[in-house]
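Every read-out reported here was derived from the displayed coordinates using simple, explicitly stated rules and does not represent laboratory data. All of these numbers come straight from a predicted model, not from anything done at the bench. Glycine also receives a Cβ, built like all others from the backbone with ideal geometry; neighbour counts cover every protein chain displayed.
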Amino acid sequence: MKKRQFLKRLGQAAIVTPFLSMDLQAQEAIEFGKYPKDDEAFWQRIRKDYQLKPDYINLENGYYNFIPQPIMKKYIGHLQMVNYEASYYMRTVQWQNKAKVRDRLAALVGSTSKELIITRNTTESLDLIIGGYPWKKNDEAIYAMQDYGSMKDHFQLMAKKYGMVNIVISVPNHPKSDEEIVTLYEEQITDNTKLIMISHMINITGHILPVRKICDMAHRHGVEVLVDGAHCIGHFPVDIKALGCDYYGSSLHKWLSVPLGSGMLHVSENKIKKIWPIFADYTDDTNEIQRLNHTGTIPVHTDLAIADAIDYLEIIGLERKAQRMRYLQKYWSNQVRDVKNVRVNTPVDAQRSCGIANVGIENIKPADLAKSFLEEFKVFTVAIDYANVQGCRITPNVYTSLKELDAFVDAIKTLAARA
């Protein structure tokens with residue numbers, strides 16, 4: 001078959017079959033697709049790869065980005081293979097395969113194979129650092145009340161265990177500048193400060209913090225930085241080395257669309273020796289990051305699916321995905337920012353957010369707002385009512401249509417008019 005005929009038939013097949021086969025190299029897939037950069041037809045095609053429950057419009061993808069069918073098929077294949085080979089697989093190639101996946105993941109996020117491990121989620125990743133840090137009595141840590149609860153809980157546990165001290169700040173929803181954010185953290189630093197934890201993207205508002213500027217400031221004071229990147233990997237380009245942080249954790253079952261129970265932790269090579277493992281490992285080499293990653297027997301087929309998720313991301317293109325996610329957020333949020341009784345709890349500046357935002361309505365409690373969205377308008381969201389944030393977190397995904405967001409905007413305007 002001639003190449004031109006092959007490409008034509010492939011393009012026709014892509015209309016009726018799951019998005020390519022992912023057996024092709026990503027660059028080839030992009031070449032064969034030939035979709036214009038801002039073509040809505042491309043995103044309509046992506047939508048076909050998702051099995052969508054018709055009962056509601058899902059604007060709560062932030063908790064778990066359920067996986068598109070091409071990844072699901074690969075995942076099921078891995079599960080069947082591991083089940084078929086059983087102990088043979090586990091005793092022969094599981095570690096080599098995991099290492100290959102780790103290396104590819106490290107390249108995606110700007111880490112290295114010596115500094116990255118695969119975990120189960122962000123909480124596990126960051127708690128490995130918080131719980132393994134060599135705390136002494138009166139050592140201080142700084143974090144924000146807007147940070148994720150599980151990590152805040154672990155810092156509090158360390159305070160009870162070691163007598164270290166936690167300093168809690170509040171990050172404004174609408175900062176005037178990066179310097180305002182940097183100063184908030186810097187003003188709390190003392191001679192006892194050892195570690196600052198920051199969110200790369202605050203999970204309840206979608207606010208992207210100036211990570212590099214905070215890290216540079218902290219390092220000038222001899223303070224290390226732990227970054228919660230739960231909502232960043234696979235959402236927009238992340239280069240951990242360029243961020244300059246010491247530790248970075250993320251969940252891969254969120255925006256990378258890996259099956260549930262997959263995360264990652266980056267530890268700068270010169271910090272590995274410093275962190276005590278939570279569980280003893282077969283290696284006692286204090287310079288090996290593997291010593292922090294003793295997991296026992298786990299669902300190894302999930303590890304294999306990380307590579308498939310990266311394949312799918314590369315077919316879309318990470319920059320293209322980030323542009324789409326930001327476009328979807330701005331599409332709905334810009335329509336309601338000036339509506340009476342509506343407050344958008346996410347910065348308007350493009351560089352301070354991407355796909356996630358938070359919206360509230362005056363005189364309506366967040367729980368009641370989420371209930372009204374779902375019961376009256378068939379829109380599924382999640383209520384947020386703490387840390388100076390009162391509203392519903394809105395997290396569309398690449399499959400979300402503009403028609404669905406139009407319906408959501410109408411719902412906001414209707415409820416706001418009643419408030």
Seminar exercise, completed: With +1 at each Lys and Arg Cβ and -1 at each Asp and Glu Cβ, the charge dipole magnitude of the chain around its Cα centre, to the nearest 20 debye, comes out at 1080
For this session: Please state, rounded to one decimal and in Å, the Kirkwood hydrodynamic radius that segment 126-231 gives when every pair of distinct Cα atoms enters the mean of 1/r.
Result: 13.8
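Using only the Cα atoms of the chain, what semi-axes does the equivalent ellipsoid have when each is the square root of 5 times a gyration tensor eigenvalue? Give whole Å, largest first. Let's see the in-between values first.
Working: eigenvalues 232, 199, 66 Å².
Calculated on Cα positions only, the semi-axes equal 34, 32, 18 Å.
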For this session: Compute the Rg to Rh ratio over segment 81-309 from the alpha carbon atoms, using the Kirkwood formula for Rh, and round to two decimal places.
Result: 0.98
For this session: Using +1 at the Cβ of each Lys and Arg and -1 at the Cβ of each Asp and Glu in the chain, identify which of Val168, Asn121, Pro259 lies farthest towards the dipole's positive end.
Result: Pro259
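Compute the length gained on full extension between Asp178 and Lys365: take 0.36 nm times their separation in residues and subtract their Cα-Cα distance, giving the result in nm to one decimal.
64.3 nm
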For this session: Taking the convex hull of the Cα atoms, report for segment 320-419 its projected area averaged over all directions, in nm².
Result: 5.9
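State to the nearest 20 debye the size of the charge dipole of segment 81-309 about its Cα centre, where the only charges are +1 on K and R beta carbons and -1 on D and E beta carbons.
Details: 23 positive and 27 negative charges, 71 e Å.
My answer is approximately 340 debye.
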Problem set entry | Relative contact order %, the chain, counting alpha carbon pairs below 8 Å whose residues are six or more apart | 21
For this session: Would you mind checking which residues have amide H under 5 Å from Cys392's amide H? H placed 1.01 Å from N; only 5 or more apart, or other chain.
Result: Val359, Gly360, Ile384
Problem set entry | For segment 177-239, with +1 on Lys and Arg beta carbons and -1 on Asp and Glu, the positive-most of Asn192, Cys232, Val182 along the dipole | Cys232
Problem set entry | Rg and Dmax [Cα atoms of segment 79-139; Å; Rg one decimal, Dmax integer] | 16.2, 53
Exercise. By the gyration tensor of its Cα atoms, with a ≥ b ≥ c the square roots of the eigenvalues, what is the shape of segment 46-125: rounded for a/c under 1.5, prolate for a/b over b/c, or oblate?
Worked result: oblate
Seminar exercise, completed: With 0.36 nm assigned to each residue of separation and the Cα-Cα distance removed, Thr190 to Asn166 gains 7.4 nm
For this session: Check cross-link reach from Lys371 to the lysines: straight Cα distance under 17 Å, and skip same-chain residues fewer than eight apart.
Result: Lys413
For this session: Mind listing the long-range amide H neighbours of Gln146? Cut-off is under 5 Å, sequence gap 5 or more, other chains count too, H placed in the peptide plane at 1.01 Å from N.
Result: Val171
Problem set entry | Part-to-part distance (alpha-carbon centres) for segment 370-417 and segment 194-240, which is given in Å | 27
For this session: Please get the size of the charge dipole for segment 320-418, origin at its Cα centre, with Cβ charges of +1 on Lys and Arg and -1 on Asp and Glu, quoted in debye to the nearest 20.
Result: 380
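Once you've got the Cα coordinates, tell me which of Lys114/Lys271; Lys254/Lys330; Lys194/Lys274; Lys321/Lys365; Lys161/Lys254; Lys136/Lys274 are over 23 Å apart.
Where the Cα-Cα span goes over 23 Å, the pairs concerned are Lys321/Lys365; Lys161/Lys254.
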